[in-house]
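Heads up, the thing below is written out as structure tokens.
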Amino acid sequence: MIHNDDLNDPLGENHVGTNAQTPLRSNAFDITDDEKISLIKKDVENILNTLGLDLTDDSLKGTPNRVAKMFVKEIFGGLHPNKKPSSSTFENKYKYGEMLVEKNITVYSTCEHHLLPIVGRAHVAYISNGTVVGLSKMNRIVDYFAKRPQVQERLTIQIVQELQRVLNTDDVACVIDAKHLCVNSRGIRDIESSTVTAEFGGKFKEDKVRREFLDYIKLDTTF
Ligand SMILES: [Zn+2]
């Protein structure tokens, strides 16, 4: 017999991504950001009230509105398609066939199973077909997809797919090494563990090319 909780939460503590697309409803943007903030504000008030907190206390008074704004404008701001970084690229024929690596891009995301932070670093590489992007563009693409409720596997794939589209090449790779506070601070409380995910497109599927990329980032999975 399956317990009711299992039907509502078939994933349980399993941090497995199921789809490369963020599961957004088609009517996700029918209401404005301001309307979302006022709805979420009431929801946060309700959570804190239910927990028994006194919301007339000076320290707590502003929390519901502050959290609602932070959800909509900041940590989940990357759900909105109009926040996607513009995909301006430029031609640089001298870079043809060259591997470009941007390493140690800071990742701040949020685990969609517990709504707790994911903190880590992304390392991104591509082999130019003559089209290049500014390095800060890679940071902005990582940040855009990180600012969603996420699973790390999906974040890794979304970064690769967006860069493949922008650069018009399959030859894109991304490795993310991150700590999940839902694992580090609660549950089994494993402070040291981190999770590494990787997506290798096009030529990065070849051993030699993949090895070159991993040598550049000198990923040490033992720390
Ligand atoms: Zn989690």
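The values are calculated or read from the model by the stated rules, or taken from the named source; none is laboratory data. Just so it is clear, the structure is predicted and the values come from calculations on it, not from any experiment. Please note: Cβ atoms are built from the backbone with ideal geometry, for glycine as well, and neighbour counts cover all protein chains shown.
Here is a yes/no grid of residues against (1) in contact (Cβ under 8 Å) with a residue 12 or more places away in the chain; (2) outside the structural domain of residue 163 (by TED's automatic domain parsing); (3) under 24 Å from residue 162 (Cβ atoms):
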{"position": "20", "(1), (2), (3)": "yes, yes, yes"}
{"position": "45", "(1), (2), (3)": "yes, yes, no"}
{"position": "66", "(1), (2), (3)": "no, yes, no"}
{"position": "99", "(1), (2), (3)": "yes, no, yes"}
{"position": "102", "(1), (2), (3)": "yes, no, yes"}
{"position": "106", "(1), (2), (3)": "yes, no, yes"}
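Scanning segment 39-80 for residues that are surrounded by fewer than 16 Cβ atoms within 10 Å (Cβ to Cβ) and among the small types (Gly, Ala, Ser) returns 52, 59, 62. Of the set (1) within 25 Å of residue 90 (Cβ to Cβ); (2) β-branched (Val, Ile, Thr); (3) touching a Leu at 6+ places or on another chain (Cβ under 9 Å); (4) surrounded by 21 or more Cβ atoms within 10 Å (Cβ to Cβ), all apply to residue 118 but (1).
Among the residues in segment 49-64, are any out of contact with any helix residue (DSSP H, G or I) (no Cβ under 8 Å at 6 or more places or on another chain) and either modelled with pLDDT under 95 or within 16 Å of the ligand (Cβ to nearest atom) (or both)? Among the residues of segment 49-64, not one is out of contact with any helix residue (DSSP H, G or I) (no Cβ under 8 Å at 6 or more places or on another chain) and either modelled with pLDDT under 95 or within 16 Å of the ligand (Cβ to nearest atom) (or both), which makes the answer no. Farther than 19 Å from residue 174 by Cα, touching a residue at least 24 places away in the same chain (Cβ under 8 Å) and within 16 Å of the ligand (Cβ to nearest atom): which single residue out of 114, 80 fits that description? The conditions single out 114.
Please work out which residue is farthest from the ligand (Cβ to nearest atom), limiting yourself to segment 202-221 and to residues that are in contact (Cβ under 8 Å) with a residue 40 or more places away in the chain and under 17 Å from residue 157 (Cβ atoms).
The first filter runs over segment 202-221 and keeps only residues in contact (Cβ under 8 Å) with a residue 40 or more places away in the chain, leaving 202-204, 209, 212-213, 216-217, 219, 221.
Imposing the further condition that a residue be under 17 Å from residue 157 (Cβ atoms) reduces the set to 202, 204, 213.
Working: 202: 31, 204: 28, 213: 28 Å.
It comes out as 202.
Just so you know, in segment 180-201 the residues that are of a type in the set (D, E, K, R) and modelled with pLDDT under 95 include one that is nearest to the ligand (Cβ to nearest atom), and it is 186.
When each of 103, 83, 93 is tested for being touching a His at 6+ places or on another chain (Cβ under 7 Å), more than 22 Å from residue 182 (Cα to Cα) and not small (Gly, Ala, Ser), the lone residue that passes is 103. When segment 108-125 is filtered for residues that are touching a Pro at 6+ places or on another chain (Cβ under 6 Å) and assigned to a strand (DSSP E or B), only 110 remains. In segment 87-94, the count of residues that are at pLDDT 95 or above and surrounded by 11 or more Cβ atoms within 10 Å (Cβ to Cβ) is zero. Note on segment 144-182: among residues that are β-branched (Val, Ile, Thr) and touching a residue at least 60 places away in the same chain (Cβ under 8 Å), the one that is nearest to residue 112 (Cα to Cα) is 151.
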